[in-house]
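J.: So that we are looking at the same thing, I have put the structure below in structure tokens.
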Amino acid sequence: MRIFLSHDASAHDIGKALERAGELAGNPLSVRLDTSGDCLSIEIRTNGNPIDPAAFSSLTGVDRIEDPEPVYHLSSSGTPGTRAIEIPFAGVSIGSENFVVMAGPCAVENDEDLLETARVAKNAGARILRGGAFKPRTSPYSFQGVGPEGLEMLARVREEVGIGIITEAMEPATVGAVAEIADIVQIGSRNMHNYPLLKEAGQAGKPVLVKRGMSATLEEWLGAAEYVLSEGNPDVILCERGIRTFSRHSRHTLDIGVIPVIHERTDLPVIIDPSHATGKASRVPAMARAAVAAGADGLLMEIHPEPSRAMSDGFQTLSFDEYNTLMSELKLIADAVGRKI
Ligand code: PEP
Ligand code: MN
């Protein structure tokens, strides 16, 4: 941000503007008085943290303020509150008073397990069934998902149980097939920077959930959302799933603190994935409860009839008993913060 001072600004005016800049930047080293132009200006380097220009507009001696164009602008409608994203088949809107739970296996495995999981998920209050047909795995030797057949299984269970579907699209060529059966198209953490995929998803005609890259800053994450939004699709949901930090005690560090920041800076709904963040089933309930209390708009979590035989991510997957207990706790917390499950 650059504050241009008027030609008749007094030494007192300049001093006041510098003082204000120092306060807002939080570090005197990020403020510099530039004398090189035909009028004095104050440059503030905030490293992406926004400063409200209104903080300077009332000072005498200030001529104008220039703020570089933000990299994202469609993620905010300019009106307060969160945009509501309708999921008609599931009868909910994400980003409203509904706290939307999406639960299911890491990967679609077979019809029988999927059907049972969908019923249990729905009975306890989940409106969306999760499950990947295409799995982005760290190792090429790990189970890669059952592929297109998994989409057919999801489509059958969707009709039979009456539950919405979220499933991942891994490459531009399969976005169309995923969007045909899914109520929400998921973009995985590893693909958050895959811009051709994001653009394709933006044209899919379905809401898109953009998972945060595991090493992505908020700005990079919002930039990814902007790729989808700029294709004309306003229905973008953000999903925090843990990031890499210096901490080694947990698979990833769940950035709960990003929830209020997203609500301050954008009007996109944000949901939390406590399963991939913690990497351990015993830690999922605590993070899920925290997510509701912290103002998240929903949860994405892994459940399975028998986590120990899940073909992927079994160790972070809740059993049905654990899931049912958690859901009854989440309902109490949701109630206390004015949300409905
Ligand atoms: C998933 O949700 O299926 C998944 C692979 O998670 P992530 O992209 O966050 O690793
Ligand atoms: Mn998983």
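The values are calculated or read from the model by the stated rules, or taken from the named source; none is laboratory data. None of the values given here were measured: they were computed from a predicted structure. Cβ sites come from the backbone with ideal geometry, for glycine too, and all protein chains shown count toward neighbours. These area figures cover heavy atoms from the full protein model, side chains too; ligands, DNA and RNA do not enter into them. Shrake-Rupley method; radii C 1.70, N 1.55, O 1.52, S 1.80 Å.
J.: Taking the Cα centre of region 191-341 as origin, sum charge times position over the Cβ atoms of Lys and Arg (+1) and Asp and Glu (-1), and report the length of that vector in debye to the nearest 20.
T.: Once rounded to the nearest 20, the dipole reads 360 debye.
J.: Report, to the nearest whole %, how much of the accessible area of the chain belongs to carbon and sulfur atoms, 1.4 Å probe, protein only.
T.: Looking at the chain in its full context, I get 51 percent from C and S.
J.: Then there's this: With angles folded into 0 to 90 degrees, how steeply does helix 111-123 sit against the dominant principal axis of the chain? Use alpha carbons for both and round to 10.
T.: 60
J.: Using a simple spin-label model with points 7 Å from Cα along the Cα→Cβ vector, what separation in nm is obtained for residue 247 and residue 286?
T.: Between residue 247 and residue 286, the label points sit 0.9 nm apart.
J.: Shifting gears a bit: How high is the FRET efficiency between residue 230 and residue 89 when r is their beta carbon distance and R₀ equals 22 Å, given to the nearest 0.05?
T.: 0.25
J.: Output the Kirkwood hydrodynamic radius of region 139-289, Cα pairs only, in Å rounded to one decimal.
T.: Over region 139-289, the inverse of the mean reciprocal pair distance is 16.2 Å.
J.: I'd like to know which of 253, 87, 217 lies farthest towards the positive end of the charge dipole of the chain, counting +1 on Cβ of Lys and Arg and -1 on Cβ of Asp and Glu.
T.: The Cα lying farthest towards the positive end belongs to 253.
J.: Using per-residue counts of other Cβ atoms within 10 Å, averaged over each peptide, order 183-196, 12-25, 51-64, 100-113 from highest down.
T.: 100-113, 183-196, 12-25, 51-64
J.: When ligands, DNA and RNA are left out and all protein chains stay put, how many square angstrom of accessible area per residue does the chain have with a 1.4 Å probe?
T.: Ligands and nucleic acids excluded, the figure is 44 Å² per residue.
J.: Could you tell me the calculated FRET efficiency between residue 306 and residue 10, based on Cβ-Cβ distance and R0 = 56 angstrom, to the nearest 0.05?
T.: 0.15
J.: Per residue, how much space in cubic angstrom lies within the convex hull of the C-alpha atoms of region 72-116?
T.: With only Cα atoms used, region 72-116 gives 127 Å³ per residue.
J.: Percent of alpha carbon pairs in the chain separated by more than 29 Å?
T.: 43
J.: Report, to the nearest 10°, how far helix 148-157 tilts away from the longest principal axis of the Cα atoms in the chain, using its own Cα long axis and a range of 0 to 90°.
T.: Helix 148-157 sits at roughly 80 degrees to that axis.
J.: For the chain, modelled as a Gaussian network with Cα springs under 10 Å, which listed residue fluctuates most, 297, 235, 38?
T.: Highest fluctuation among the options: 38.
J.: Can you tell me which of 225-232, 252-259, 205-212 comes out highest on packing, and rank the rest after it, using the mean Cβ neighbours within 10 Å?
T.: Sorting 225-232, 252-259, 205-212 by mean packing, highest first, produces 205-212, 225-232, 252-259.
J.: What fraction of the Cα pairs in region 2-69, stated in percent, has a spacing above 18 angstrom?
T.: 27
J.: Now for a different question. Report the relative contact order of the chain, percent, no decimals, based on alpha-carbon pairs under 8 angstrom and at least 6 residues apart.
T.: About 16 percent, as a whole number.
J.: Right, another one. Any idea what angle helix 320-336 forms with the longest principal axis of the chain, computed on alpha-carbon atoms, 0 to 90 degrees, nearest 10?
T.: 40
J.: Give the percent of DSSP beta bridges with both residues in the chain that are antiparallel, rounded to the nearest 5.
T.: 35
J.: Highest first, please rank the peptides 302-308, 197-203 by the mean number of other Cβ atoms sitting within 10 Å of their residues.
T.: 197-203, 302-308
J.: Please report, in cubic angstrom per residue, the volume enclosed by the convex hull of the alpha-carbon atoms of region 218-309.
T.: Hull volume over Cα atoms, normalised by residue count, gives 121 Å³.
J.: State the volume of the convex hull built on the alpha-carbon positions of region 272-341, expressed per residue in Å³ and rounded to an integer.
T.: That works out to 71 Å³ per residue.
J.: Give the accessible area for residue 73 in Å² (nearest 10); use a 1.4 Å probe, count only protein heavy atoms, and leave out ligands, DNA and RNA.
T.: Per-residue accessible area (residue 73): approximately 110 Å².
J.: Under a point spin-label approximation (7 Å from Cα along Cα-to-Cβ), what is the residue 2-residue 264 distance to one decimal in nm?
T.: According to this spin-label approximation, the distance is 2.7 nm.
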